[in-house]
Amino acid sequence: MRVGRPSRRARTLLMTLGVLAVLAMAFVMFAGFWTDWLWYRSVAYSSVFTTTLWTKIGLFAVFGLLMAFAVGLNIWLAHRLRPPLSAMSLEQQSLDRYRMGIAPFKKWVLLAVTALVGLIAGASASGQWRTWLMWVNGVKFGQKDPQFGLDVAFYAFDLPWYRFLLAFGFAATILSLIAAALTHYLYGGLRITSPGARATAAATGHLSVLLGVFVSLKAVAYWLDRYGLAVKSSDFKATGNWTGLRYVDANAYLPAKTILFCIAAICAVLFFATLWRRTWQLPVIGFGLMVLSAVLIGGLYPAIVQKFQVQPNEQAKEAPYIQKNIDATRKAYAIDGAKPENYSGKSTVKAKDRLRADSQTAASYRLLDPNIVSPTFQQLEQKRKYYQFPMTLDVDRYQGKDTVIGLRELNIRGIPKRNWINDHFTYTHGYGAIMATGTQTDANGSPVFTESGLPTTGELKTYEQRIYYGEKTDQYSIVGGPQKELDYEENGEKTTSYKEKSGVSLSSAFNRAAYAVAFSEPQILYSGAIGDGSRILYNRTPKERVEAVAPWLTIDGDAYPAVVGGRIQWIVDAYTTTNGYPYASRTTLGDTTADSLTVGNQQRAVVAQQNQVNYIRNSVKATVDAYDGSVTLYQWDTQDPVLKTWMKAFPDTVKPKSEISGPLMEHLRYPQDMFKVQRELLTRYHVTDPAQFYSGSDAWQVPDDPTNKEGNAVPPYYLSMKMPGDTAQRFSLTTTFTPNGRPNLGGFMAVDADATSKEYGRMRLLRVTEDVPGPAQVQSKLNGLPSVAQFVRDMRGADSDIQYGNLLTVPLDGGFLYVEPVYAQGRNALYPLLKKVAVSYVDADQPGGDTTKDVTVFEDNLTAALNAVFGVEGPSTPTPPPPGTTPPPPASADAELKQAIADAQKAYDAGEAALQKQDWSAYGKAQEELQTALQRAAEAGAKLKPSAPATPPAEGSGG
């Protein structure tokens, strides 16, 4: 039976299916591009998308075509220069079948080879879009390197681009050389086993020119290497990671590179001369000389100089270069203003009552540790399982007070019934900012909330409480359409529909199809829950939104919320960086920004984990609106040339500093990651004398967190405090240092972190000159107190865990005051409560000069601890009221009572609602909340009784 050809209908069907398959694949590839364009347009940063896209396309096209042209031209030329085929040797006869096989398709083969190398080269070049934009838009630094006298911009912007061009030239030359050699061999221009000349004159000339180009590029490489020495990294025992020239570089490698440049240039001329001489004898000799010179001059000679000139007197030889490294590093990391001030550690005040009085104003001691109290916020203010707070809360200032703040964000895993509609249409946002006074707790050790409830009430008055964009919001939501969203549940379920223009419209069937493909969710295409007005929200975390609109910035690991102008704004610190600052030592951001809080907490980890830099500036302050997701970039460092370069590349994306509003400015602060990078550098670069720097005798280290058993660095702390000589407290970011390998206190640093201050960014660095106990020693002494041992036994007997809070360090009258809150959490309890406060005053001038006589106490509250540590009855002692008068109740008692009654009413209403729904889990939870609220009301009412004596707050900034 003969099988006939497919019918016309079958062929048409197959062709149609093929076309549809191709169109489907094309649409899948196009969907990602189209959705990216829609997203950038929705956030009003389409210029970033188009500038980046066209730059990549341009680089791809130019360098892809250049590579294809170079390789294709040399293949064509080699074919053109092929010798006539005469009597062929056995070698040529064996190649003849390949020539015959290629002959009918040689144009297609040529096209395929050139297209392949062009595509690879173009793809590689498109990845250099940042290098190109920085080169073409580079702004002068106004600072010159000390070796060559060139502006720093040459190393930061120009040299990387020149190196890319050089690498591209090498790649094009080598590929062309290989392709030409193979073509010549295939067509008889080169012979391996045949008798007679190994290469025809044409092949010799062709390949010699290519080798001449290669050696010319090598000469250029030697010349650029001279400048590369200024940004070269090497290992140097005085600094570890060293950048820049040392003695051997300036006196051996630099002249060697110049000599090798000259030799390579001469060698290149010899290769080009082969076009006329038709012999490789001189070029080969020249090339051999160049290789030998590279070994002797570029390798052996510097080793001899290092061994016999530098090592016998290394400190003296390297001193000028160490000084250059110190100056450049301090300038590049903006730590040149941190000049150590000697601080003896000896108390300048002997009167105990004076010390106690000074401790009252030295700082607002933050007892509410944002790293511990998140479970407390979670239990008391979560309200519903589908809400959550971050693991680490944030510290800000409201009405002049240090405040701990956290947002009640959506927790998708807590939704009662998980399905596609609930996950993406019904539960779409969090609700409310919860705040508590950082310096005070109530009688039970719980936070004193200044903003709480659902919806929240308190000192913030009226603001938009819905949180559609947050650190925990990593799923997409579809809003604004037929499907109503759950707003919040309080005395019944409230619904809402998103009214902003944020996100991308899904009214178009084409857009829906594109997102169905991009998100691999076909229901987006046909779901009836999507209709007119539907918008899709995605890329919803503050960090990823800022990263997307400013891909040239490095983002701080901790975005923090602030309520500004009736809206919740996420504030994101962003940095401009480069690794091309001459002589400045490099650091790895992921390593220097790690501490006991970031380890295991990806939310706080810096974005560019292994990004090595040697220049950094906090040049941009960004905000992300928690309701509409709008991103605003503000220029912060108006002198930074790297930011100016990017602003030229992406005009109108960064707003001037003058447009930052006053209310927003009040919440801007000095960024933690920047500070951690700077403090790590200052462990070595606080020393400015080259001899002392070389010896390492005054090297410091960032101490391990004594409250954490993992051995990670202690985090910096935000704290309102006074430094020596200051007359008022400043909102500061602080850290301690210990001598390298020693536990005692070596230094203390604080930076003015208040953006409204005229001295914002001012660093005060105290070098402790006497033997003063460090954080680990103070913690060890605390753990050894009998009262602490008894407390631990009592808590363990009550089946409770102990958690040590932030160990705050404050300079006080020549000595140092350590303050540490201590929390306890029962095994069955859901959150920790502040139970004790430890205070230690360390002074190098103790009686008999014995530093072990420093006083450490462990009391129920801060006031009692400060009184005890100084051995006085301090400001907490109430003044007896005049006879016949009633002492006023505590200022907060009335507010506490009102809040407790309101919470009790809410819990009662919630219990009634749960009872009607027969939701016994919710009913039990409501009854627990009711009992807690009634107990708080009773305690607050007791404070308001006329017979109650006047008492100080449970905790406070000194009493």
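Tell me the residue from Y818, Y760 that is surrounded by fewer than 24 Cβ atoms within 10 Å (Cβ to Cβ) and of a type in the set (F, W, Y), please.
Of the residues listed, the single one that is surrounded by fewer than 24 Cβ atoms within 10 Å (Cβ to Cβ) and of a type in the set (F, W, Y) is Y760.
Among residues belonging to the range 759-782 that are of a type in the set (S, T, Y) and part of a loop (DSSP other than H, G, I, E, B), point out the one that is farthest from G747 (Cα to Cα). Write out each step before concluding.
First, the residues of the range 759-782 that are of a type in the set (S, T, Y): 760, 769, 780.
Those left that are additionally part of a loop (DSSP other than H, G, I, E, B): 760, 769.
Values: Y760: 21, T769: 9 Å.
Of everything passing the filter in the range 759-782, Y760 is farthest from G747 (Cα to Cα).
Can you pull out every residue in the range 132-162 that is of a type in the set (S, T, N, Q) and surrounded by fewer than 19 Cβ atoms within 10 Å (Cβ to Cβ)?
Scanning the range 132-162 gives N137, Q143.
I'm trying to understand the selection: among the residues of the range 327-356, which are within 21 Å of E873 (Cα to Cα) and of a type outside the set (V, I, T)?
S347, K350, A351, K352, D353, R354, L355, R356
So which of L211, L190, L207 ends up being free of Cβ contacts under 8 Å to residues at least 40 places away in the same chain, more than 40 Å from the chain's Cα centre (by Cα) and outside the structural domain of M67 (by TED's automatic domain parsing)?
Being free of Cβ contacts under 8 Å to residues at least 40 places away in the same chain, more than 40 Å from the chain's Cα centre (by Cα) and outside the structural domain of M67 (by TED's automatic domain parsing) holds for just one of L211, L190, L207, which is L207.
Find all pairs meeting these conditions: Cβ atoms under 7 angstrom apart; at least six residues apart or on different chains; first residue within the range 215-230 and within 18 Å of Y321 (Cα to Cα); second residue buried (at least 19 other Cβ atoms within 10 Å of the Cβ) and of a type in the set (D, E).
L229/D249; A230/D145
Quick test of your reading of the structure: L633 fulfils all but one of (1) surrounded by fewer than 20 Cβ atoms within 10 Å (Cβ to Cβ); (2) at pLDDT 95 or above. Name the failing condition by number.
If we test L633 against (1) surrounded by fewer than 20 Cβ atoms within 10 Å (Cβ to Cβ); (2) at pLDDT 95 or above, just (1) comes out false.
How many residues are crowded, with 19+ Cβ neighbours inside 10 Å and under 20 Å from Y476 (Cβ atoms) if we restrict to the range 41-68?
4
Does Q475 fit the bill of being within 36 Å of the chain's Cα centre (by Cα), outside the structural domain of Q905 (by TED's automatic domain parsing), farther than 17 Å from G432 by Cα and assigned to a loop (DSSP other than H, G, I, E, B)?
yes
Going through the range 736-756 one residue at a time, which ones are buried (at least 21 other Cβ atoms within 10 Å of the Cβ) and of a type in the set (A, V, I, L, M, F, W, C)?
Within the range 736-756, F737, L745, F748, M749, A750, V751, A753 meet the criteria.
Could you run through the range 500-516 and say how many residues are without any contact (Cβ under 8 Å) to a residue 24 or more places away in the chain and not in a helix (DSSP H, G or I)?
Start the filter on the range 500-516 by keeping residues that are without any contact (Cβ under 8 Å) to a residue 24 or more places away in the chain, which leaves 508-510, 512, 516.
After this cut, where a residue has to be not in a helix (DSSP H, G or I) as well, the list is 508.
The number of residues fulfilling the criteria is 1.
Just wondering, is there one or more residues in the range 273-291 that are closer than 30 Å to G580 by Cα, in contact (Cβ under 8 Å) with a residue 24 or more places away in the chain, of a type outside the set (V, I, T) and in a helix (DSSP H, G or I)?
Narrowing the range 273-291 to residues closer than 30 Å to G580 by Cα: 290-291.
Filter once more, keeping what is in contact (Cβ under 8 Å) with a residue 24 or more places away in the chain: 290.
Cutting the leftovers down to of a type outside the set (V, I, T) gives us 290.
This time we only want the ones that are in a helix (DSSP H, G or I), so: 290.
Yes, there is a match, as at least one residue in the range 273-291 is closer than 30 Å to G580 by Cα, in contact (Cβ under 8 Å) with a residue 24 or more places away in the chain, of a type outside the set (V, I, T) and in a helix (DSSP H, G or I).
Among what's in the range 235-273 and is basic (K, R) and under 36 Å from the mean Cα position of the chain (by Cα), pick the residue that is modelled with the lowest pLDDT. Write out each step before concluding.
First pass over the range 235-273, keeping only residues basic (K, R): 237, 246, 257.
Now restrict to residues that are under 36 Å from the mean Cα position of the chain (by Cα): 237, 246.
Numbers: K237: 69, R246: 92.
Only one residue tops the list, namely K237.
Filter the range 169-189 down to the residues that are part of a helix (DSSP H, G or I) and at pLDDT below 85, then identify the one that is nearest to V213 (Cα to Cα).
Restricting attention to the range 169-189, the residues satisfying the condition of being part of a helix (DSSP H, G or I) are 169-186.
Add one more test, that the residue is at pLDDT below 85, and what stays is 184-186.
Numbers: H184: 18, Y185: 21, L186: 23 Å.
So, considering only residues that are part of a helix (DSSP H, G or I) and at pLDDT below 85, the one nearest to V213 (Cα to Cα) is H184.
Scan K331, K324, K339, K350 and give me the residue that is more than 28 Å from I616 (Cβ to Cβ) and of a type in the set (D, E, K, R). Break it down into steps so the answer makes sense when it comes.
Values: K331 fails: more than 28 Å from I616 (Cβ to Cβ); K324 fails: more than 28 Å from I616 (Cβ to Cβ); K339 fails: more than 28 Å from I616 (Cβ to Cβ).
Only one candidate qualifies: K350.
Among the residues of the range 657-698, write down those that are over 26 Å from L719 (Cβ atoms) and hydrophobic (A, V, I, L, M, F, W, C).
V687, A691, F693
For residues that are of a type in the set (K, R), under 22 Å from V624 (Cβ atoms) and buried (at least 21 other Cβ atoms within 10 Å of the Cβ), tally how many sit in the range 656-688.
From the range 656-688, those of a type in the set (K, R) are 657, 669, 676, 679, 684; that's our starting set.
Pick out the ones that are also under 22 Å from V624 (Cβ atoms) and you get 657, 669.
Now drop any that are not buried (at least 21 other Cβ atoms within 10 Å of the Cβ), which leaves 669.
Qualifying residue count, the range 656-688: 1.
Among the residues of the range 123-175, which ones are farther than 17 Å from N579 by Cβ and either assigned by TED's automatic domain parsing to the domain that holds R226 or basic (K, R) (or both)?
Within the range 123-175, K140, K144 meet the criteria.
Tell me which of these M723 doesn't satisfy, since it passes every other one: (1) outside any loop (DSSP other than H, G, I, E, B); (2) within 20 Å of Y670 (Cα to Cα); (3) aliphatic (A, V, I, L, M).
Here M723 clears every test but (1).
For D336, which of the numbered conditions (1) touching a residue at least 24 places away in the same chain (Cβ under 8 Å); (2) under 25 Å from the mean Cα position of the chain (by Cα); (3) within 30 Å of V642 (Cβ to Cβ) fails to hold?
Here D336 meets the rest and fails (1).
Please count how many residues of the range 689-706 are at pLDDT below 90 and surrounded by 20 or more Cβ atoms within 10 Å (Cβ to Cβ).
2
The values are calculated or read from the model by the stated rules, or taken from the named source; none is laboratory data. Predicted, not measured: the structure shown is a model, and the values here were computed from it. We place every Cβ from the backbone using ideal geometry, glycine too, and count neighbours over all the protein chains shown.
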